[in-house]
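What follows is a single structure, written as structure tokens, with notes after it.
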Number of protein chains: 2
Amino acid sequence: MALSEYFPIYDKLTKQEQELLCNHATKRTVPAGTLLHNGDATCMGILVIREGQLRAFLTSDEGREITLYRLFARDICLFSASCVMNSIQFEITITAEKETEFWIIPPYIYKNLTDNSLAFSNYTNQIMATRFTDIMWLMEQIQWKSFDKRLAHFLLEECAIEGTSVLKITHEKIAAHLGSAREVVTRMLKYFQAEGMVQLTRGAIEIVNEEKLEQLADA
Amino acid sequence: MALSEYFPIYDKLTKQEQELLCNHATKRTVPAGTLLHNGDATCMGILVIREGQLRAFLTSDEGREITLYRLFARDICLFSASCVMNSIQFEITITAEKETEFWIIPPYIYKNLTDNSLAFSNYTNQIMATRFTDIMWLMEQIQWKSFDKRLAHFLLEECAIEGTSVLKITHEKIAAHLGSAREVVTRMLKYFQAEGMVQLTRGAIEIVNEEKLEQLADA
């Protein structure tokens, strides 16, 4: 599989631009846990994901975290090129949650294409609008949704991503996804267990009543 | 003053594009309190602000509010054209906080320019990145900052915008800006008063120790 098949607007680029992209894009595979972007300290460029899973998150001064969005196969990671995007004045962290294979389009090639290709500029715009939508969804969740609903939604989403009803994830990690504290997660999971929605075992959470959990998440 | 002087990339457009812009842009003045954009129900297009003040905010199903950002003279209001931005899948509300004078660039002209002008597309990108930065700042505030710090910051910001140390604003309105409840605002303001930072009178809040308030906001 070539980059051309993973880059949606490849056909809209000129022959010259296509060559520029292909000649400078490099392919890389990183193991789960790899730090790919950390504010302006790193500047890899745009990542086109072939396979795997990335996590974009915010970190507080005290080291607390909250997940902003996830990226999967065929997604484009834009903010790893934030060093060449003057108006982006915030710092996010991006790590690989699973072994991930991607093409890197270096910052100067991204800049060159943005400055010269209308199709590329419009596509960048579209990606940013999609991320903006992700963030606004999260903002509404944080602002208006109670924690039980957010946790229920998170568990269901994780099951969908992993294709299982038994999640191997620590309470600590769930807290980092939701921007909460481990104790709060543990307390709520115990409540979910008492209500017959989940079964807690060492290092795992089994969804035993998905329907009830969905009702809670959508309420 | 003409639109050309308020639209930063006017000189980067072709003669034809400049004409398109000027022939279709209309000028309008609205009084304070005017609803300008409400999700996809309205689709005015892009607004170029000549003078005044707009407020973009989120509303919950229960009618609670939180301010996302403000726009002032020479700012561009992009999301009032969200009907022609396919990847924008969230709904915000925009109102005039003060009497505001602006040019409206209709949605089809915005679309036309985005589809054909690289300069315009890149500029749209830049505006969206700036709003994205605003939202990420807010996200960090909501997520990691305690309410006293957020309230202190809000009071100082209002004083800067209004050029006064006596704010004529209700506790209800402050709550709507900060996504909080009136009672929470009132309780915190009384604490600020007890600490000698503000003086509360009927319908007004006077900042009496700006330095102390700044220390709290920055802590």
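The values are calculated or read from the model by the stated rules, or taken from the named source; none is laboratory data. Since the model is a prediction, treat every value here as computed from it, not as a measurement. Cβ atoms come from the backbone with ideal geometry, glycine included; neighbour counts cover every protein chain shown.
See the values below:
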quantity	calculated
Per-region count, the stretch A:155-212, residues charged (D, E, K, R) and either touching a Cys at 6+ places or on another chain (Cβ under 7 Å) or part of a strand (DSSP E or B) (or both)	1
Some residue of the stretch B:155-172 being modelled with pLDDT under 95, more than 30 Å from A:ASN122 (Cβ to Cβ) and touching a strand residue (DSSP E or B) at 6+ places or on another chain (Cβ under 7 Å)	no
Residue match in the stretch B:122-134 (condition: more than 13 Å from every other protein chain (Cβ to nearest Cβ) and surrounded by fewer than 20 Cβ atoms within 10 Å (Cβ to Cβ))	no
Of all residues in the stretch B:91-133 being touching an Asp or Glu at 6+ places or on another chain (Cβ under 9 Å) and of a type in the set (Asp, Glu), the one that is modelled with the lowest pLDDT	B:GLU91
Unmet requirement for B:GLU97, which otherwise passes all of (1) under 30 Å from B:THR14 (Cα atoms); (2) in contact with a Lys or Arg (Cβ under 6 Å, 6 or more places away or on another chain)	(1)
Single condition B:GLU65 does not satisfy, out of (1) modelled with pLDDT of 95 or more; (2) within 14 Å of chain A (Cβ to nearest Cβ); (3) exposed (fewer than 15 other Cβ atoms within 10 Å of the Cβ)	(3)
Breaking point among (1) buried (at least 21 other Cβ atoms within 10 Å of the Cβ); (2) in contact with a helix residue (DSSP H, G or I) (Cβ under 8 Å, 6 or more places away or on another chain); (3) more than 8 Å from chain A (Cβ to nearest Cβ), for B:THR100	(2)
Selection from the stretch B:77-126 of residues that are in contact with a strand residue (DSSP E or B) (Cβ under 7 Å, 6 or more places away or on another chain) and polar (S, T, N, Q)	B:SER80, B:THR93, B:THR95, B:THR100
The stretch B:135-151, subset under 11 Å from B:MET188 (Cα atoms) and of a type in the set (A, V, I, L, M, F, W, C), residue surrounded by the fewest Cβ atoms within 10 Å (Cβ to Cβ)	B:PHE147
Breaking point among (1) touching a Gly at 6+ places or on another chain (Cβ under 6 Å); (2) away from every other protein chain (no Cβ under 11 Å), for B:PHE147	(1)
Neighbours by Cβ (under 6 Å, 6+ apart or cross-chain): first from the stretch A:168-192, among the hydrophobic types (A, V, I, L, M, F, W, C); second in a loop (DSSP other than H, G, I, E, B)	A:ALA175/A:ALA181
Restricting the stretch A:76-119 to residues that are over 18 Å from the mean Cα position of the chain (by Cα) and among the charged types (D, E, K, R), the residue that is farthest from A:GLU5 (Cα to Cα)	A:ASP115
Options B:LYS149, B:LYS173, B:LYS168: the member that is touching a helix residue (DSSP H, G or I) at 6+ places or on another chain (Cβ under 8 Å) and either under 20 Å from B:GLY63 (Cβ atoms) or not aromatic (Phe, Trp, Tyr) (or both)	B:LYS149
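Here is a yes/no grid of residues against (1) on the phi > 0 side of the Ramachandran plot; (2) more than 11 Å from chain B (Cβ to nearest Cβ); (3) surrounded by 14 or more Cβ atoms within 10 Å (Cβ to Cβ):
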{"site": "A:PRO31", "(1), (2), (3)": "no, yes, no"}
{"site": "A:HIS37", "(1), (2), (3)": "no, yes, yes"}
{"site": "A:ALA41", "(1), (2), (3)": "no, yes, no"}
{"site": "A:GLY45", "(1), (2), (3)": "yes, yes, yes"}
{"site": "A:GLN53", "(1), (2), (3)": "no, yes, yes"}
{"site": "A:THR59", "(1), (2), (3)": "no, no, yes"}
{"site": "A:ARG70", "(1), (2), (3)": "no, yes, yes"}
